[in-house]
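Have a look at the structure below before the remarks.
The values are calculated or read from the model by the stated rules, or taken from the named source; none is laboratory data. Note that the structure is a prediction, hence the values are computed from the model and not measured. Every residue, glycine as well, gets a Cβ built from its backbone with ideal geometry; the counts of neighbours run over all protein chains shown. For the accessible areas, the whole protein counts, side chains as well, though only heavy atoms, and no ligand, DNA or RNA atoms are used. Shrake-Rupley method; radii C 1.70, N 1.55, O 1.52, S 1.80 Å.
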Amino acid sequence: MATSAAAQTLQAGQIDLSALKTKQHGAWSSGDYAVVGTTLQIVGEELCEALDIRAGQKVLDVAAGNGNATLAAARRWCEVVSTDYVPSLLERGRSRAAAEGLSVEFKEADAEALDFGDATFDAVLSTFGVMFTPDQDRAASELLRVCRSGGKIGLANWTPEGFIGQLFKTLGKYLPPPAGAKSPALWGTQARITEMFGTSAASIKAEKRRFMFRYRSPLHFLDVFRNYYGPTLKAFAALDETNQRRLADDILTLIAAMNRAEDGTMVLPSEYLEIVIVKR
């Protein structure tokens, strides 16, 4: 009997990366990530400072979402190309750039197959974006390929131990990831970054930083992430009412354990790894 390609993949104990990418694309296309993304703007600004980018440099923002690193680089007079595989997010980035009078090229692109020539850019950036690619090694190789020798790759990736890393772990209790899938939070570890980039890097500098999630209340955060943040939206949609309540309670418990605010609002530090790679 003939064996299907999917069955052969399963028999080999390998993850179907194409199917996972389709599922992830659906998640990030749902809701409206821009509602959350706009609150993260400071991370793009700090990443550009960490890279010490200069006016006139050619900069690529990969998996840019609604353009946090894009806008930060454009404000520093760089020639910026902003890419994502969700067209609606590029439109949100385009609107933000237009509102500020910034010149940016927006282009739909897959982080695992960037449609740019070798050594095209002086700097390649991604804030909480490329870390979610299913094929991590392929994505890393693409970042390296399009960056020139002596150029820099700048990344901001949630760590496994931080709040967002723990949030994804909580979601995984209810909807376990496919067997064999690599956790996106691996991009927030020094070991994995060295594994993917070390042989092609002249230097790698990685520092743990904190982003402060500031919301009206824990319930406000839950409402925003449940309705606008694709992975959380999809998780709730896949569960019955009982498990939806349990998931909501688990998220609120996680927030309560980490929330610094004592006035009913939410002020919660979330650790991420800020990475600056100089390509050999």
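Under a 1.4 Å probe, what is the accessible area of the chain per residue, stated in Å²?
Details: 12990 Å² over 280 residues.
Value returned for the chain: 46 Å² of accessible area per residue.
Scan the chain and report its longest stretch carrying no GluC sites (Glu not before Pro) that are both in a DSSP loop and have at most 15 other Cβ atoms within 10 Å.
Values: sites that count: Glu161, Glu262.
Result, exposed sites excluded: 1-160.
For the chain, what value does the Rg/Rh ratio take when both radii are computed over Cα atoms and Rh is the Kirkwood radius, given to two decimals?
Values: Rg = 18.8 Å, Rh = 19.4 Å.
Radius of gyration over Kirkwood radius for the chain works out to 0.97.
Would you work out what percent of the accessible area of the chain, with all protein chains in place, is carbon or sulfur (probe 1.4 Å)?
Values: 6650 of 12990 Å².
The C+S portion of the solvent-accessible surface of the chain is 51 percent.
Full-extension gain between Met212 and Thr38, please, as 0.36 nm times their residue separation minus the C-alpha to C-alpha distance. Could the numbers behind the result be given before it?
Details: separation 174, 0.36 × 174 = 62.64 nm, distance 1.32 nm.
Answer, rounded to one decimal: 61.3 nm.
Report, as a whole number in µm² per second, the diffusion coefficient that Stokes-Einstein gives for the stretch 10-134 at 20 °C and 1.002 mPa s using the Kirkwood radius over alpha carbon pairs.
Numbers: Rh = 14.9 Å.
In µm²/s, the coefficient rounds to 144.
Expressed as a whole number of Å, what is the distance separating the alpha-carbon centroids of the stretch 97-115 and the stretch 202-280?
26 Å
Compute the Rg to Rh ratio over the stretch 121-264 from the alpha carbon atoms, using the Kirkwood formula for Rh, and round to two decimal places. Kindly include the intermediate steps, with their values, before the conclusion.
Working: Rg = 17.4 Å, Rh = 17.0 Å.
With Rg and the Kirkwood Rh in hand, the quotient comes to 1.02.
Nearest 500 deg cm²/dmol is fine: what mean residue ellipticity at 222 nm does the chain get from its DSSP H runs of n ≥ 4 alone, each adding -39,500 (n - 2.57), divided by its residue count?
On the way: 12 runs with 127 residues, N = 280.
That calculation yields -13500 deg cm²/dmol at 222 nm.
Could you work out the percent of alpha carbon pairs in the stretch 148-223 separated by over 15 Å, rounded to a whole number?
Details: 1892 of 2850 pairs.
Looking at the stretch 148-223, the distances longer than 15 Å represent 66 percent of pairs.
Hey, which of these cross-link pairs are over 31 Å Cα-Cα: Lys152/Lys173; Lys173/Lys279; Lys58/Lys234; Lys21/Lys169? Working shown, then result.
Working: Lys152/Lys173 37 Å; Lys173/Lys279 38 Å; Lys58/Lys234 36 Å; Lys21/Lys169 19 Å.
As for pairs spanning more than 31 Å Cα to Cα, those are Lys152/Lys173; Lys173/Lys279; Lys58/Lys234.
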